[in-house]
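Before any comments, here is the structure.
The values are calculated or read from the model by the stated rules, or taken from the named source; none is laboratory data. It should be emphasised that the depicted structure is a prediction, and the values quoted were computed from it without experimental measurement. Backbone-built Cβ (ideal geometry, glycine too); neighbour counts: all protein chains shown.
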Amino acid sequence: MISEKIAAALDEAEGRPMSPREDVVTKIMVSGLNRASQLGWVQDCPRHLCLLRLAPDKDKGFDDTMKRRLREGNKQEALMRADLTAAGIKIVHHGRLTWEALELTGESDDSVVFDDEYPIDYKTCSSAMFKRIERAQSYGDLIRSPFIWIRHYPAQMQAYMLMLQKRLSVLFFKDKEGGARYLMDVELDQKYASFLIEGIRYINDCVKKEDPPKAEMKEACDACGFADHCFPGVERGASAGNLEIVTEETWLMKLKEYQILIDRGVQQTAKEFDKLDKEIKEEFRGRRVLCGSHLIESKPYFVPFYDVPKEEKEKYLKQREQFRTSIKLAAQAL
């Protein structure tokens, strides 16, 4: 059947190794330098940046789902670029950028030309995430985002502006499901840029000494390919006795909403809270999970019940397994 041939060809294409443009680890292995797109890790985990250069083979890489997302993002990027061109906006591409003194390299998507050239980077996301980003008033709100990949975007743009010697850049977001777009100016922030530069210098020093910072369990671990290398004793299977790291965007967002409802006061949002509380507890029943900032522990316990006629229940006492599930901030639990 033709449909089967098409599906087979697509599956084969998806199974091919990622191109260097798609694969951050490959880029770093080839260049041996820090990457601008990874610079946000300075604020979340400097060890991650050290390991990218010292032990890139320890990175578990992207799973098939993430590879598909990245490839789809590259396709959307081409469409976003075409939209700008169709609108009569002049675009220039600078290719690879390198700041040798900082051992920093990167490749900005494009620059748009008006009275000057301004770096622009294309970002696609789900409808749910787009709505969150759209509420951001400035790049400062992105830096404070609970989602690690979102708060890394401004650092990436700071790097491009420093390497291109510009004071203004643009983040171009697109809802890949609904097609809506949102553009945000990102200014060169001297204080934030200085923090990033000092972070890079620290990374470079650690790399030269081949002495990365000590591993620390933190929220960023659930988005890091080195988590298994740093914490080999932490199991990620669905076992109640082991800690399972859950990174799905859906549950990260649900737990953020769960915490917001608690902070507001459950009395005012009882109905909404009860629904979300039940949904989370049903999903993680019998599991011990670290999801974002929350540790979820669902442990079995037993209660007596009578599985016999009432008049004879004293003779046939049994126990039935049930679960108590707690949801709390991991920083308070670990």
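Here are a few things to note about the model shown:
- Checking each residue in the stretch 189-228 for being of a type in the set (Asp, Glu) and farther than 30 Å from Cys291 by Cβ picks out Asp189, Glu198, Asp205, Glu210, Asp211.
- The residue of the stretch 103-128 that is nearest to Gly73 (Cα to Cα), among those that are among the aliphatic types (A, V, I, L, M) and out of contact with any Asp or Glu (no Cβ under 7 Å at 6 or more places or on another chain), is Ala128.
- Some residue of the stretch 267-277 being at pLDDT below 85, of a type in the set (Ser, Thr, Tyr), surrounded by 14 or more Cβ atoms within 10 Å (Cβ to Cβ) and in contact with a helix residue (DSSP H, G or I) (Cβ under 6 Å, 6 or more places away or on another chain): yes
This table checks each residue for (1) at pLDDT 95 or above; (2) within 27 Å of Asp222 (Cα to Cα).
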residue	(1), (2)
Glu107	no, yes
Asp116	no, no
Ala128	no, yes
Leu142	no, yes
Ile150	no, yes
Ala155	yes, yes
Met161	yes, no
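- For the stretch 5-36, taking the residues that are of a type in the set (Gly, Ala, Ser) and surrounded by fewer than 21 Cβ atoms within 10 Å (Cβ to Cβ), the one that is modelled with the highest pLDDT is identified as Gly32.
- Where Gly88 falls short, out of the listed (1) surrounded by fewer than 14 Cβ atoms within 10 Å (Cβ to Cβ); (2) not in a loop (DSSP other than H, G, I, E, B): (2)
- Residue in the stretch 195-202 that is more than 22 Å from the chain's Cα centre (by Cα) and under 17 Å from Asp110 (Cα atoms) present: no
Rundown of residues vs (1) touching a Phe, Trp or Tyr at 6+ places or on another chain (Cβ under 8 Å); (2) free of Cβ contacts under 8 Å to residues at least 40 places away in the same chain; (3) closer than 29 Å to Cys221 by Cα, yes/no style:
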site: Cys50; (1), (2), (3): no, no, yes
site: Arg53; (1), (2), (3): no, no, yes
site: Asp64; (1), (2), (3): no, no, yes
site: Glu77; (1), (2), (3): yes, no, yes
site: Ala87; (1), (2), (3): no, yes, no
site: Trp99; (1), (2), (3): no, no, yes
site: Leu102; (1), (2), (3): no, no, yes
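- Tyr202 in contact with a helix residue (DSSP H, G or I) (Cβ under 8 Å, 6 or more places away or on another chain) and surrounded by fewer than 19 Cβ atoms within 10 Å (Cβ to Cβ): yes
- When residues in the stretch 56-87 are screened for being hydroxyl-bearing (Ser, Thr, Tyr) and more than 21 Å from Leu171 (Cβ to Cβ), 1 of them pass.
- Among the residues of the stretch 144-173, those identified as within 23 Å of Met66 (Cα to Cα) and free of Cβ contacts under 8 Å to residues at least 60 places away in the same chain are Ser145, Ile150, Met157, Leu171, Phe173.
- You will find that of Leu49, Leu54, Leu70, Leu79, the residue that is over 29 Å from Glu210 (Cβ atoms), at pLDDT 80 or above and among the hydrophobic types (A, V, I, L, M, F, W, C) is Leu79 and no other.
- Conditions (1) within 30 Å of Arg167 (Cβ to Cβ); (2) modelled with pLDDT under 90; (3) surrounded by 16 or more Cβ atoms within 10 Å (Cβ to Cβ); number of the one not met by Leu97: (2)
- Every test in (1) closer than 18 Å to Arg320 by Cβ; (2) of a type outside the set (A, V, I, L, M); (3) modelled with pLDDT under 70; (4) in a helix (DSSP H, G or I) is passed by Phe305 save one, and that test is (4).
- Of all residues making up the stretch 126-178, the number that are surrounded by fewer than 20 Cβ atoms within 10 Å (Cβ to Cβ), among the small types (Gly, Ala, Ser) and touching a strand residue (DSSP E or B) at 6+ places or on another chain (Cβ under 8 Å): 4
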